[in-house]
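Please read the structure below before turning to the comments.
The values are calculated or read from the model by the stated rules, or taken from the named source; none is laboratory data. A quick note: this is a predicted structure, and the numbers were derived from the prediction, not measured. In this analysis, Cβ positions are derived from the backbone assuming ideal geometry, glycine residues included, and neighbour counts consider all displayed protein chains. For accessibility, only protein heavy atoms count, side chains too; no ligands or nucleic acids. Shrake-Rupley method; radii C 1.70, N 1.55, O 1.52, S 1.80 Å.
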Amino acid sequence: MKSKILWVFAAFSCAWSSALLAQQKIEMKLAYFVGDQHAMSQWLVRWSEQLEKGSGGRIAVKRFPSAQMGPTPQHYDFARTGQADVSWFLHGGTPGRFPLTELINLPFMVGSAEIGMKVLNDRELRARYLDAEHKGVRVLMLFTHQPGGPHTTRKAIRTLEDFKGLRLRFASPTVRDFVQALGAAPVGVQPTDIADQLQKGTLDGAFMDYGGAGIAFKLGGTVKYSTELYAYVTSFGLAMNEDFWNKLPPDLKKLVSDSVTGKETEIGRAWDALDVPGKKFLVDGGMEPIRFSAADDARVRKIGAEVSEARVKELEGKGLPARAVYDTMRALAAKHSKTSKSFWN
């Protein structure tokens, strides 16, 4: 009889503890390096508010925007180490750490953010190759911005030859190789320093999307020329600390998972939609948009293909399955381009 009473008491205590765990308030520290005007910052605010509401107030999000927690290159490790519970980070901020994921940044890989996000979040691609590169975190979602090109302050890029000698900011190693192959001098600059270095003249320009240049980093009046190549995208990730994930009760794990599942079209189209207003901000500040001739466009695409092939061979030489990932990304991009927006059409 006594043992039965003890068993009932233990079961009751376990149930009571579980109930308390399920109802306790959980603070979630969310770090990201862009300011409030950035589209992703606004999405992250909405996303965190949805988690708070959907959890009935059990999740309380404390946001650290504008690199308040620390420099851009450290944001991935903020989530990995637990300094942040969730972090939005730039893959190119830590060169060489995500070589397979960064293949999405190769020239002319995808024609829109919508396509890029559908490619990167393909379930099989992530399960076989990409998530494994993101050690120590739980990947919630992967992102790209809409395709971009060079924006310059003093010299217009009207032909391929005009790239020669220009100091242009790049966002990742794959973009760096492309900039160099075009004849320019690639310069690594963190996103928060771009405007300042353009204004000081230590940079002649930056490879960037219209949304980033016109809205996120407010380069209207600074940028005088934009060459519309729509040549590359940059990749980002949203990651959660593994220990933080593990301590969430099942219903909150489901809430978090549901909040980032099947959102590629919604977020990708929102990012692509920044192209028009971003361009307008620059034009209103005196920027001249430029399009290459068909001949120069073909030459740029040929250089891009050569850069891509060299990068794939380099990674294969290091024992990485780069060819398989590259071919898979290309096939997925071709598939999704049939039903998604593309700036190349």
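Within the stretch 51-65, the residues that satisfy the criterion of being exposed (fewer than 15 other Cβ atoms within 10 Å of the Cβ) and not charged (D, E, K, R) are 56, 57, 60. Checked against the criterion of being over 20 Å from residue 226 (Cβ atoms), assigned to a helix (DSSP H, G or I) and out of contact with any Lys or Arg (no Cβ under 7 Å at 6 or more places or on another chain), the candidates 315, 282 yield just one match: 315. Enumerate the pairs (first residue in the stretch 53-68 and on the phi > 0 side of the Ramachandran plot; second residue anywhere and of a type in the set (Ser, Thr, Tyr)) with beta-carbon separation below 7 Å, excluding pairs fewer than 6 apart on the same chain, so at least 6 apart or on different chains. What qualifies is 67/192. For the stretch 184-194, enumerate the residues that are of a type in the set (A, V, I, L, M, F, W, C) and open to solvent by 30 Å² or more (accessible area, probe 1.4 Å). Matches in the stretch 184-194: 185, 187.
Cβ-Cβ distances below 8 Å connect the following pairs, each with a first residue in the stretch 81-110 that is under 18 Å from residue 191 (Cβ atoms), a second residue that is assigned to a loop (DSSP other than H, G, I, E, B) and open to solvent by 20 Å² or more (accessible area, probe 1.4 Å), and a separation of six or more residues or different chains: 84/69; 91/97; 93/190.
Could you look through the stretch 22-43, keep only residues that are under 22 Å from residue 209 (Cα atoms) and free of Cβ contacts under 8 Å to residues at least 60 places away in the same chain, and pick out the one that is farthest from the chain's Cα centre (by Cα)? Taking the candidates together, the pick is 36. The single residue among 79, 15 that is at pLDDT below 95 and not in a loop (DSSP other than H, G, I, E, B) turns out to be 15.
Yes or no, residue by residue, for (1) among the acidic types (Asp, Glu); (2) surrounded by fewer than 23 Cβ atoms within 10 Å (Cβ to Cβ); (3) farther than 19 Å from residue 278 by Cβ:
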site: 160; (1), (2), (3): no, yes, yes
site: 165; (1), (2), (3): no, yes, yes
site: 176; (1), (2), (3): no, yes, yes
site: 182; (1), (2), (3): no, no, yes
site: 197; (1), (2), (3): no, yes, yes
site: 221; (1), (2), (3): no, yes, no
site: 233; (1), (2), (3): no, no, no
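Against the criterion of being assigned to a loop (DSSP other than H, G, I, E, B) and of a type outside the set (Asp, Glu), residue 292 qualifies.
Is the stretch 24-40 home to any residue that is in a strand (DSSP E or B), in contact with a strand residue (DSSP E or B) (Cβ under 8 Å, 6 or more places away or on another chain) and open to solvent by 40 Å² or more (accessible area, probe 1.4 Å)? Yes, the conditions are met somewhere in the stretch 24-40.
Return yes or no: is residue 150 touching a Phe, Trp or Tyr at 6+ places or on another chain (Cβ under 6 Å), part of a strand (DSSP E or B) and open to solvent by 20 Å² or more (accessible area, probe 1.4 Å)? So residue 150 fails the test.
Within the stretch 255-265, if we keep just the residues that are part of a helix (DSSP H, G or I) and touching a Leu at 6+ places or on another chain (Cβ under 9 Å), the residue that is least open to solvent (accessible area, probe 1.4 Å) turns out to be 256.
Put simply, of 207, 143 the only residue that is within 18 Å of residue 90 (Cα to Cα), touching a helix residue (DSSP H, G or I) at 6+ places or on another chain (Cβ under 9 Å) and either open to solvent by 40 Å² or more (accessible area, probe 1.4 Å) or free of Cβ contacts under 8 Å to residues at least 60 places away in the same chain (or both) is 207.
Filtering 289, 277 for residues that are surrounded by fewer than 18 Cβ atoms within 10 Å (Cβ to Cβ) and in contact with a Gly (Cβ under 8 Å, 6 or more places away or on another chain) leaves a single hit, 277.
Let's see how each residue does on (1) of a type outside the set (Ser, Thr, Tyr); (2) over 23 Å from residue 342 (Cα atoms); (3) assigned to a loop (DSSP other than H, G, I, E, B); (4) out of contact with any helix residue (DSSP H, G or I) (no Cβ under 7 Å at 6 or more places or on another chain):
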position: 161; (1), (2), (3), (4): yes, yes, no, yes
position: 174; (1), (2), (3), (4): no, no, no, no
position: 178; (1), (2), (3), (4): yes, no, no, no
position: 198; (1), (2), (3), (4): yes, yes, no, yes
position: 211; (1), (2), (3), (4): yes, no, no, no
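Considering the conditions (1) open to solvent by less than 10 Å² (accessible area, probe 1.4 Å); (2) closer than 30 Å to residue 57 by Cα; (3) touching a Phe, Trp or Tyr at 6+ places or on another chain (Cβ under 9 Å); (4) outside any helix (DSSP H, G or I), residue 268 is excluded by exactly one of them, (4). If you check residue 335 against the conditions, is it basic (Lys, Arg) and surrounded by 14 or more Cβ atoms within 10 Å (Cβ to Cβ)? Judged against the criteria, residue 335 is a match.
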